[in-house]
Structures are given as C-alpha cells and as structure tokens.
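The next block holds one structure in the form of structure tokens; read it before the comments.
The values are calculated or read from the model by the stated rules, or taken from the named source; none is laboratory data. Note that the structure is a prediction, hence the values are computed from the model and not measured. Quick reminder, even Gly has a Cβ in these numbers, built from the backbone with ideal geometry, and neighbours come from all protein chains shown.
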Amino acid sequence: MLFASWFHCHKAAPKLAWFQDVESMLNHHFAGLLGLGPLSWVGHQVSWAGHQVHVSLPINQFLNAGVDPKEIPLPHEFILNRDLLAQLYPSFAEGATPFFTLNWSKYAEFLTFRGGLDPVTGGLWLTDIAHHHLAIAILFLIAGHMYRTNWGIGHGIKDILEAHKGPFTGQGHKGLYEILTTSWHAQLSINLAMLGSLTIVVAHHMYSMPPYPYLATDYGTQLSLFTHHMWIDGFLIVGAAAHATIFMVRDYDPTTRYNDLLDCVLRHRDTIISHLNWGPQDMFSDTAIQLQPVFAQWIQNTHALAPGTTTPGASISTSLTWGGGDLVAVGGKVALLPIPLGTADFLVHHIHAFTIHVTILILLKGVLFARSS
C-alpha cells in the first residue's frame with residue numbers, strides 16, 4: 001500500500017480527467033467497495049460476508065456450545081478445510097452447487113432471516129448479519145454496472161441531474177454536474193453532509209439493533225457509541241457548511257449560473273433565513289402544551305405490525321424498540337425493550353429540533369451570505 005501510494009502520487013499521478021470520470025468512479029465504488037467489500041467480510045460486503053460465514057459463524061458456534069477457546073480450530077483451518085465447516089453446517093459439503101442451481105434454501109442454516117436478538121448474547125443473530133452482508137454485496141455488485149462508461153448503456157449523471165426540474169426551480173439541476181466535477185469544495189460539502197446524516201443513523205442503530213454480543217447490556221459502551229456518533233455528525237455537518245461557504249467564495253460563478261436551483265435559493269435567501277429565525281420560536285417553544293406524538297406513534301405501530309402484513313416473510317419486526325414484543329434480558333440486565341413514545345418524548349424531540357434548527361440557521365446563513373460578507 002505504501003509503494004502504491006508513492007507510485008500513484010509521485011511517479012504516475014492520475015490526471016484531473018481521471019477524477020472527473022464520475023460514472024467509472026461510481027461503478028468501481030459500488031462494485032468494489034460496497035460489493036466485493038461486504039462479500040469477503042461477507043468479500044468487503046463480499047469479503048465481510050465471506051469472513052462471517054467461513055470464520056465468525058463456526059467459531060461462535062463452538063463458543064456458544066461452551067467449547068474451551070483453546071480447543072477451537074484456528075480461523076485459517078476453517079477456510080482451508082471445508083469438512084470442518086460441513087460438520088457444523090452440512091450444506092457446506094455441497095459447495096457452490098446450490099448457488100448456481102438456484103437452490104438457495106440449502107444455505108438457510110447459516111444465512112437466516114430470524115429477526116430480533118439472540119437471547120444468549122443480546123446481539124443480532126450472526127447468521128442474520130451474514131445474510132444481510134451477502135444480500136448487500138449482491139445488490140451492489142449489480143449496482144456497480146449501473147452507470148454508462150465504455151458502452152452506450154446505463155445512466156449518465158449529467159443526464160439525471162439535468163432532468164431534475166420542478167415547477168418552481170427554473171432550470172433545476174442544470175449546471176450542477178459542472179460544479180461538482182470542477183469544485184472539490186462543493187463535492188466535499190455534499191459528501192460531508194451525507195456522511196454526517198448517515199452517522200446519526202448509525203448512532204441510533206447501535207442501541208436499536210445492537211450488532212455485537214453483549215453490547216446491549218454494556219450500558220457505558222452503548223452511551224459512548226451513541227454520543228460518539230452524534231458528535232461525529234456535528235463535526236461533519238459543520239464541515240459541510242464550511243466547505244459550501246468556501247465554494248461560494250472561491251468557485252461559484254454567478255455570471256454562468258442563471259435561474260438554476262442554486263440561483264433560485266440565493267435569490268430568496270432572505271425568506272429562508274427568516275423562516276429559520278422564527279420557526280424555532282413558533283414551533284419549538286418551551287411553553288408548548290403537552291401533546292401526544294401521534295404521528296411518531298403511528299410510525300412505530302406500522303413497523304411493529306409489519307411482520308405478517310407488509311413484510312410477510314418476517315417473523316419479527318426489525319427492532320424491538322418499535323414495540324409489540326417482550327423485553328430481552330441477558331444475565332439479569334435489560335438488553336432491549338419497547339420504547340413507547342409519550343408527551344415527554346414529544347417535548348424532548350422538539351428541544352433537539354430547536355437546537356438543530358438554530359445550528360442550521362447559523363450554518364446556512366454563513367453559506368447563503370458568503371459572497372456578501
């Protein structure tokens with residue numbers, strides 16, 4: 001890796017056009033990072049899934065059965081000796097034949113769809129996790145062929161962007177392709193904003209779908225993981241606004257941008273800022289009356305009732321936090337339980353919404369007025 005870094009930075013650095021070939025980049029990132037990645041780990045999705053199926057699952061089987069860790073075969077032995085795996089999962093003896101003959105149900109003993117938590121560890125079933133990563137890998141290996149490169153088939157990002165026109169947005173996203181392929185600050189800003197949003201999702205998954213054994217009952221770790229990911233989100237979102245501001249100052253050319261989406265936003269920036277100024281006071285006031293969060297309760301109930309209705313293949317909802325089940329306890333400690341929402345949650349939600357909207361007010365005002373400062 002060090003040699004490759006030196007070679008590609010100093011001896012054969014790629015030209016600018018290489019970085020601007022976005023369809024090739026997306027295909028490679030989808031198929032390589034998000035496809036082959038999870039496949040080997042089950043591959044990265046493939047490596048991810050492969051690692052979980054061939055190493056993690058058999059070792060966990062032995063650990064769950066109470067086998068002394070010193071007696072468990074080493075990881076490479078499971079990879080090199082298929083008979084070892086076949087003793088635990090008989091379908092391994094058939095190799096890849098069921099896969100290529102579409103008889104995939106043969107693999108149901110180690111690629112499961114159980115849902116819920118393992119009552120022994122309080123974590124997601126490892127067989128479910130392996131199945132998830134394998135499915136993700138397959139999806140992204142297909143998605144990695146979605147964008148048009150050497151052949152005249154597939155999506156072109158420029159075409160997609162320029163087709164996005166609303167009734168009130170003028171030229172819509174026309175010109176955005178050129179902005180994002182010539183301004184690294186604009187590109188970085190969007191990437192930071194999206195990654196920041198994703199880290200919030202990760203923070204909530206840590207407790208609602210705890211992936212690791214005994215994580216759910218290690219309350220200090222749970223709190224730390226949640227706090228860590230929310231802080232990371234804060235840094236990334238502020239970074240997104242900072243780089244959007246730098247883009248506006250250094251890279252934005254108002255003479256070539258007329259009546260596109262960005263121009264429309266800039267022309268009514270006063271309205272946007274005034275809404276952000278007064279909205280928090282009107283909607284998120286600490287003098288609010290007690291109200292039940294009926295919409296949130298409806299969403300929770302929809303997810304709790306999904307098994308057997310909208311998701312007939314599932315036996316249990318994606319997370320016990322939606323409700324509709326009994327708490328899971330491990331070693332006398334609560335791992336997970338339904339989280340019914342009430343008036344206090346409604347108030348706390350709006351307190352957080354208030355702080356977030358004030359933050360967005362500050363950041364967005366900096367971006368929209370960057371060229372006037």
On the given criteria, is THR359 exposed (fewer than 12 other Cβ atoms within 10 Å of the Cβ) and within 30 Å of LEU176 (Cα to Cα)?
-> no
For segment 120-157, which residues satisfy the criterion of being surrounded by fewer than 15 Cβ atoms within 10 Å (Cβ to Cβ) and either polar (S, T, N, Q) or under 30 Å from THR321 (Cα atoms) (or both)?
-> VAL120, ASN150
Residue among ALA242, ALA216 that is in a loop (DSSP other than H, G, I, E, B) and among the aliphatic types (A, V, I, L, M) = ALA216
Restricting attention to segment 93-106, does a residue exist that is charged (D, E, K, R) and closer than 29 Å to GLY332 by Cβ?
-> no
Taking segment 163-204 and keeping only residues that are in a helix (DSSP H, G or I), farther than 16 Å from GLN20 by Cβ and at pLDDT below 95, one is left with ALA163
Those residues of segment 320-373 which are under 20 Å from LEU223 (Cα atoms), in a loop (DSSP other than H, G, I, E, B) and in contact with a Leu (Cβ under 8 Å, 6 or more places away or on another chain) amount to LEU327, LEU337, PRO338
When segment 269-284 is examined, which residues are found to be modelled with pLDDT of 90 or more and over 31 Å from the mean Cα position of the chain (by Cα)?
-> ASP270, THR271, SER274
What number of residues within segment 235-257 satisfy the criterion of being closer than 28 Å to SER319 by Cβ and either at pLDDT below 95 or crowded, with 19+ Cβ neighbours inside 10 Å (or both)?
-> 2
Hey, does segment 343-353 have a residue that's surrounded by 13 or more Cβ atoms within 10 Å (Cβ to Cβ) and in contact with a Gly (Cβ under 7 Å, 6 or more places away or on another chain)?
-> no
Do any helices (runs of 4 or more DSSP H) entirely within segment 1-116 hold 1 or more residues that are surrounded by 14 or more Cβ atoms within 10 Å (Cβ to Cβ) and of a type in the set (A, V, I, L, M, F, W, C), and if so, which?
-> 22-28, 46-51, 57-64, 75-80, 82-88
